[in-house]
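Asker: First the structure, then my questions, so here it is.
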Amino acid sequence: MMKISHIQIFWIIVNMELGMTLLMTMTASLQAAKQDAWISIILSGCLALLVALIATRLALLYPGQTLVQFSQTIMGKTLGRIIVMTYLIQWYTIIPIVLRQFTDLVRALLLETTPQMPITLIMIALMVYATYAGKIQGIGRCSEMLGPLVIAMVLFVLATSLPNISIKNILPVYADSGMMSIGKGMLAPASYLGHAIEFVMLTPFLVNAKKGASYAIWGVFFSVLFVLSSMSAVILTMGPEPAGFMWYPFFEMTRNISIGFIENWDALVVIIWISSVFIKLSIYMFITCYGTAQFLQVKNWRIMIWLVAPVAFLFSLYPTSVIESTNHYLLNYWVPIVLPVNMIGLPLLMLIVGVIKKKLNPS
Amino acid sequence: MTKRSFPLARAGILMLYFILLAGCWDSDEIEQLAIIMGSGFDLTEDGQIEGIVQIAIPAGVSGGKDNQPGPSPQQPFLTISDNGFSAPEIINRLQQQLSQKFFLGQRAVFVIGDAYARAGIEQALDWFMRSPDSRYSAYVLTAYNMKAKDILTTQYNLEPISSIALKKIMKGGSGYAETMDEFLYSVVNPDKPTLTGAVSLVDEGEAGKFFRIDRIAVYRNKKLIGFLNERQTTMFSLFQGKLKETNMTMQVESKNESLPGTTSIHIFGTDASIHTKIEGNKPHIELKFKAKSRIIENLNSLDLSKDENLRRIEQKFADKIEHALMELVQVAQEQYKVDLFAFAEEVHIQHPYYWKKSKDSWTDIFPTIPVNYQIELNIERIGRNQGNIYTHKNQNRGGNG
Amino acid sequence: MRIRSRTKRLPDISRKLAIPEEQGNAKISDRLEDNEAALRELFDRCADFYIHPVYFQQSEPGLVAYMQGLVDTQSLDFDLLEPLLEQIRQPDGASPVIKAIHNASFSVVHTKTITELSEAVRDITSGSIVLMMQSSNKALAIKLQNKNLNRAVEEPVTEAVIRGPHSGFIENLNVNIALLRVRLKTPRLKVETFILGDVSHTVVAVAYMEGIAPNELIEEVKRRLTQIKIDVIFESGHIEEIISDVRYTPFPLMQMSERPDTVAALIYEGKAAIIVDGTPMVNIVPATFWQGFQIVEDYYNKFMFATAFRWLRFLFALLTLLMPSLYVAITTFHQEMIPTALSLSIAAARAAAPFPTMLETLMMEIIFEALREAGIRLPTPIGPTVSIVGALVIGQAAVQAGIISAPIVIVVALTGISSFLIPKVNMNLALRLLRFPVVIMAGLFGLFGIGAALLALLIHLVTLRSFGVPYLTPIAPFQASGLWDVLVRAPWWILRKRPHQTGGDSG
């Protein structure tokens, strides 16, 4: 039996949200909202909390079922399966994209001339190993070990960046950007912080679903807090102009750190950050395999690993450049479709229908 | 158990397979690297760029294998250069001469030659921004009235590698220190002036040549347009907080036969701020400067235990600082037309909506901005003597006789 | 606590060398000659087998059979046979001598009545004297073990302490159990024995505290022990490998100790000790990863020192695993991380090095392991000499000859020293072995390779269980109360409130 505790779900959520949000969404947000990007983060944090709230309410309607099951319980067989399809598309596309973004970053910052394949393969091997041997509780325990490490890394970066801070970088507040720009800057982080939606696949494994739900929301809050402080630190140390030009502002900030002999240690930060990506990918791997197995009514979900892993690998080779993997997917699919539909629209719809159904049919 | 471990074994074989197929793509043995300690750009007569790199010779620095203390027979660094039209091209050509691979990860300084800087530094900048190799903690310097090559080929006798000497001078706080990241951000940020320290050589004869970073190079539109002189540099650094403390001397009394009439103070604990207000659609600037000080030399007849004398000295020094600031503002507004104090940033922050309207015409507005000064200087301590040793002696002698 | 029973059967690794059935099942005959003949045939060509008749006054003749070295012959002669020959005079019933001895005379000696020949054989081979009488189909096995076979209770070599008792287990099960009983003087300390090994007939005891150790744990231990099919058990390591939860792992899933105080403390915490006759090494289950870095002295020293030393051990355990790989990764991939002065020194030292860093590191680490192995195997007077010669030759001459660079000697030496800080031998072995794959990954992918290797290691660690307890408890799964004895060694007044049993299945 696969079980995860509420502390583990907390760290799973933190790992899933923090790592990729720090990496992928800062530039988009900075370009749109300039020095007010931190306001965007606050707004997107509120949106993410809303997503988490909807997701947990929805999941708690049928705590013994995953999304694949309860969507059919709530919406009926056909409609439910269509809904599940939209999520499957989301999961099957996010794995290769995250893999690719991860590989791009490693190649940009650590291993410039190493080809893409071995890096991707190492990560896939780790994901497969974690999902196959560790299953969900193994991933849960890994995130329990790695989560504090990632947080410690972010805290270390923030603390060591303090000497580089200049308050003038974040001023003037609001005047330069305005509501529209801030709103625009909110979308990308919100779409990544909304990953708490995956909670709907994890409820059946929770020892205590109710407690797990509240811890998941705390996890979102916690990650928003850290994304917010990291974003503020980026703005305060570098200012919106140079940061907006950079692919990975957070890591550029770590390159500025120079305290005693601690200089140019950004490689270490990247390595620790990788563990957060590893958790995210493994959770997605598990969800995708488990979801597909339930969708196709395959008994042994672990067989699906041998399907999902090659698919993820092949698709991760598809984008031809950093721009494609980073911007196109984010701005053309994730923000306009996943955020409004998969993260807010469908869960809200299912929640409303489910609640009404339960009221009418108290049995 | 066997069934369970089977896929893992397969994964392991797969891993081994590609590991064996692949090599170590990015690994470089440390002794195979040409560790570049400093680099620079100059302009040649025919308009090409001359790239200069100073490469450390590890054996020359740490005495090599024998680990014998004392000066090593080998020289600790060598400097090579080549011409080309772009930075990557020069790097390529330099690489062709070298048995080792270029490695910029330990670079301490980047020196911009005077002529190159005046012609424009865009090329170098873009290359820095893109190259993952370039490190932000390196310092940027402009060579004052000379070539970068002159700086980088100089042997500095207190340190084996002259680039490290430059780095240590700036880290120690003497000299205007601008790191690579500050430099790059100032170029990108339209509100900020682009400045670097300016280095010159001092010939001390027998002792060899020494570096002195006592000027500031002023850039406008990515082109060097001039330097602040020593006095201006000190005042500017003090105002910006880059210089934490300094000494200042001035004539308090007229010189007489026994005393030169000067007083010297040590200034510390500075606090500067820029206030703006918009009056009649025009910004007005007020520069505020507060500092603490103590008297370190008093070569005049003033009795420092008397309060009014202290006030007088304070006032005199405050006036001097005000004049120095005025001079700086004048240089900025009239001579270089460069927003040295980043008035633009202050107006932007304090009056964002006014800034929105007028930022395009800022270059026209800036030279005409009226500036007020408010200087506060407190003498906190006067040292261990109340007055002046000479004057006391004189009085005593007079009393006896 | 719930223990997942192993679904797979334990492997049968016996070679079917047991005594053939027909002989084993034979009953002891009431004709003395038949018994003698049967025994002589079974123990044919066993030079140490001794059988001879005894003649008691006013009684039928008897027969004693035993293995010479195993039996305390002096006691046999003076304490058993001599008084017997004098005292017994009442010929009454079938086996008066046997009855008499069993009932009264030798209450201090461990005796038992046996009826089957196979039993007699087993008792003879395990050091009993078998006494048979004419016209009796019962025999008496009298335990009179040769005490000279036991060494004295000495300071354990593998787990020396500065503060704490200096007695260690020995090769005798009874003595070992007694050493435990001395420390836990309560009938709640239960010791259940099993005879395992078709050839060795080794006595294996499971010791635990009733009421503290969870029943599921004890049942599972007993279940796994009884399932063992093996010919010989000479050492606890024999069964450790068989009954571990996960077999393909370098990590110790049972804690090994030869210190009675350690074992008693762990039994008191609610764990089960598996004691094997013939070895001083006792296995304690369940074990967690963190136990590999705890020593019993932690609990004798003040908590501040104990905590500090524990952290020192964690730090150097990490260095054992990572020091060589970090050196490889940083000097060949991330040279910008090294402070300038140091990077120049390393570059200067390596200037003439003929081998790439990774190869050099692997080579030197292997040579170091070889030196260590050589030092252990050689007799004490030679061992240190080999180490010194090796260190001199490799440390000094090889560097001067330009075969290797000086920094690597420092790295290898530091790694070696670090590994000595890991108190548990089997944890030490695991980390030392694992540093080699990490070095290879570091040589291929730099810090990224190290990160990937550590992630793989972490995944492996979280999938491990020791008798149902997740290996990384109480960090993952997280148990706040357990942290007081892992990250720190909290003072006793805090530690005492801690629940005794670690583990649980909450994820």
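The values are calculated or read from the model by the stated rules, or taken from the named source; none is laboratory data. Please read these numbers as outputs of a predicted model, since none were measured by experiment. Quick reminder, even Gly has a Cβ in these numbers, built from the backbone with ideal geometry, and neighbours come from all protein chains shown.
Asker: Starting from segment A:173-188, keep only residues that are crowded, with 17+ Cβ neighbours inside 10 Å, then list their pairs with residues that are modelled with pLDDT under 85 and not in a helix (DSSP H, G or I) whose Cβ atoms are within a distance under 8 Å, requiring at least 6 positions of separation or different chains.
Answerer: Going by the 8 Å Cβ cut-off, the qualifying pairs are A:182/A:174; A:185/A:177; A:188/A:25.
Asker: Touching a residue at least 40 places away in the same chain (Cβ under 8 Å) and under 22 Å from residue A:337 (Cβ atoms), is that true of residue A:57?
Answerer: Answer is no for this residue.
Asker: Report whether or not residue B:106 is surrounded by 23 or more Cβ atoms within 10 Å (Cβ to Cβ) and in the same structural domain as residue B:203 (by TED's automatic domain parsing).
Answerer: Against the criterion (surrounded by 23 or more Cβ atoms within 10 Å (Cβ to Cβ) and in the same structural domain as residue B:203 (by TED's automatic domain parsing)), residue B:106 qualifies.
Asker: Tally time: how many residues in segment C:262-285 are outside any strand (DSSP E or B), on the phi < 0 side of the Ramachandran plot, in contact with a strand residue (DSSP E or B) (Cβ under 7 Å, 6 or more places away or on another chain) and in contact (Cβ under 8 Å) with a residue 60 or more places away in the chain?
Answerer: Number satisfying all stated conditions: 6.
Asker: Please give the number of the condition residue C:202 fails out of (1) modelled with pLDDT under 90; (2) surrounded by fewer than 17 Cβ atoms within 10 Å (Cβ to Cβ).
Answerer: Single failed check for residue C:202: (2).
Asker: Given the conditions (1) within 14 Å of chain C (Cβ to nearest Cβ); (2) surrounded by fewer than 24 Cβ atoms within 10 Å (Cβ to Cβ), which single one is not true for residue A:236?
Answerer: Residue A:236 satisfies every listed condition except (1).
Asker: I've got another one for you. Exactly one condition in (1) at pLDDT 80 or above; (2) in contact with a Leu (Cβ under 7 Å, 6 or more places away or on another chain); (3) not in a strand (DSSP E or B) is not met by residue C:124; state its number.
Answerer: Tallying (1) at pLDDT 80 or above; (2) in contact with a Leu (Cβ under 7 Å, 6 or more places away or on another chain); (3) not in a strand (DSSP E or B), residue C:124 fails exactly one: (2).
Asker: Right, another one. Can you confirm whether residue B:149 is away from chain A (no Cβ under 14 Å) and crowded, with 18+ Cβ neighbours inside 10 Å?
Answerer: yes
Asker: When you go through (1) assigned by TED's automatic domain parsing to the domain that holds residue C:262; (2) of a type outside the set (Phe, Trp, Tyr); (3) not in a strand (DSSP E or B) one by one for residue C:159, which number turns out not to apply?
Answerer: (1) is the only condition that residue C:159 fails.
Asker: Here are C:296, C:285, C:328: which of them is buried (at least 18 other Cβ atoms within 10 Å of the Cβ) and within 14 Å of chain B (Cβ to nearest Cβ)?
Answerer: On the way: C:296 fails: within 14 Å of chain B (Cβ to nearest Cβ); C:285 fails: within 14 Å of chain B (Cβ to nearest Cβ).
Sole residue among the options that is buried (at least 18 other Cβ atoms within 10 Å of the Cβ) and within 14 Å of chain B (Cβ to nearest Cβ): C:328.
Asker: How many residues, within segment C:368-387, are in a helix (DSSP H, G or I), surrounded by 13 or more Cβ atoms within 10 Å (Cβ to Cβ) and without any contact (Cβ under 8 Å) to a residue 40 or more places away in the chain?
Answerer: The qualifying residues number 6.
Asker: What pairs come out if I take residues in segment A:244-266 that are away from chain C (no Cβ under 12 Å) and under 15 Å from residue A:108 (Cα atoms) and pair them with residues that are crowded, with 19+ Cβ neighbours inside 10 Å and of a type in the set (Phe, Trp, Tyr) whose C-beta lies under 6 Å away, six or more apart or interchain?
Answerer: none
Asker: Only one of A:310, A:340, A:336 is out of contact with any Pro (no Cβ under 7 Å at 6 or more places or on another chain) and either of a type in the set (D, E, K, R) or within 18 Å of residue A:198 (Cα to Cα) (or both); which?
Answerer: Step by step, each of A:310, A:340, A:336 is checked, and only A:340 is out of contact with any Pro (no Cβ under 7 Å at 6 or more places or on another chain) and either of a type in the set (D, E, K, R) or within 18 Å of residue A:198 (Cα to Cα) (or both).
Asker: Report yes if some residue within segment C:333-345 is within 14 Å of chain B (Cβ to nearest Cβ), in contact (Cβ under 8 Å) with a residue 24 or more places away in the chain and among the aromatic types (Phe, Trp, Tyr); otherwise report no.
Answerer: yes
Asker: Does segment C:178-223 hold any residues that are assigned to a helix (DSSP H, G or I) and within 17 Å of the chain's Cα centre (by Cα), and which are they?
Answerer: If the condition is that a residue be assigned to a helix (DSSP H, G or I) and within 17 Å of the chain's Cα centre (by Cα), then C:179, C:180, C:221 are the ones that fit.
Asker: Give segment B:217-258 a look and list any residue that's assigned to a loop (DSSP other than H, G, I, E, B) and polar (S, T, N, Q), or say none.
Answerer: From segment B:217-258, those assigned to a loop (DSSP other than H, G, I, E, B) are B:221-222, B:229, B:241-245, B:252-258; that's our starting set.
If the condition is that a residue be assigned to a loop (DSSP other than H, G, I, E, B) and polar (S, T, N, Q), then B:221, B:229, B:254, B:256, B:258 are the ones that fit.
Asker: Need at least 3 residues that are more than 25 Å from the chain's Cα centre (by Cα), more than 27 Å from residue A:126 (Cβ to Cβ) and more than 13 Å from chain A (Cβ to nearest Cβ) per element, so show me which helices (runs of 4 or more DSSP H) inside segment C:388-507 make the cut, counting only ones lying wholly within it. If you could, list the steps in order and put the result at the bottom.
Answerer: Working: elements: C:406-420, C:425-463, C:492-495.
Filter on segment C:388-507 gives C:406-420, C:492-495.
Asker: Mind listing whichever residues of segment C:350-367 are in contact with a Gly (Cβ under 9 Å, 6 or more places away or on another chain) and within 10 Å of chain B (Cβ to nearest Cβ)?
Answerer: Within segment C:350-367, C:351, C:352, C:353, C:356, C:357, C:358 meet the criteria.
Asker: Of everything in segment B:122-145 that's out of contact with any strand residue (DSSP E or B) (no Cβ under 6 Å at 6 or more places or on another chain) and either in a loop (DSSP other than H, G, I, E, B) or crowded, with 23+ Cβ neighbours inside 10 Å (or both), which residue is modelled with the highest pLDDT?
Answerer: B:145
Asker: Moving on. Answer yes or no: is there a residue in segment A:225-235 that is among the hydrophobic types (A, V, I, L, M, F, W, C), in a loop (DSSP other than H, G, I, E, B) and over 20 Å from residue B:187 (Cβ atoms).
Answerer: Going through segment A:225-235, the residues among the hydrophobic types (A, V, I, L, M, F, W, C) turn out to be A:225-228, A:231, A:233-235.
Imposing the further condition that a residue be in a loop (DSSP other than H, G, I, E, B) reduces the set to none.
Looking for residues that are among the hydrophobic types (A, V, I, L, M, F, W, C), in a loop (DSSP other than H, G, I, E, B) and over 20 Å from residue B:187 (Cβ atoms), one finds none in segment A:225-235, hence no.
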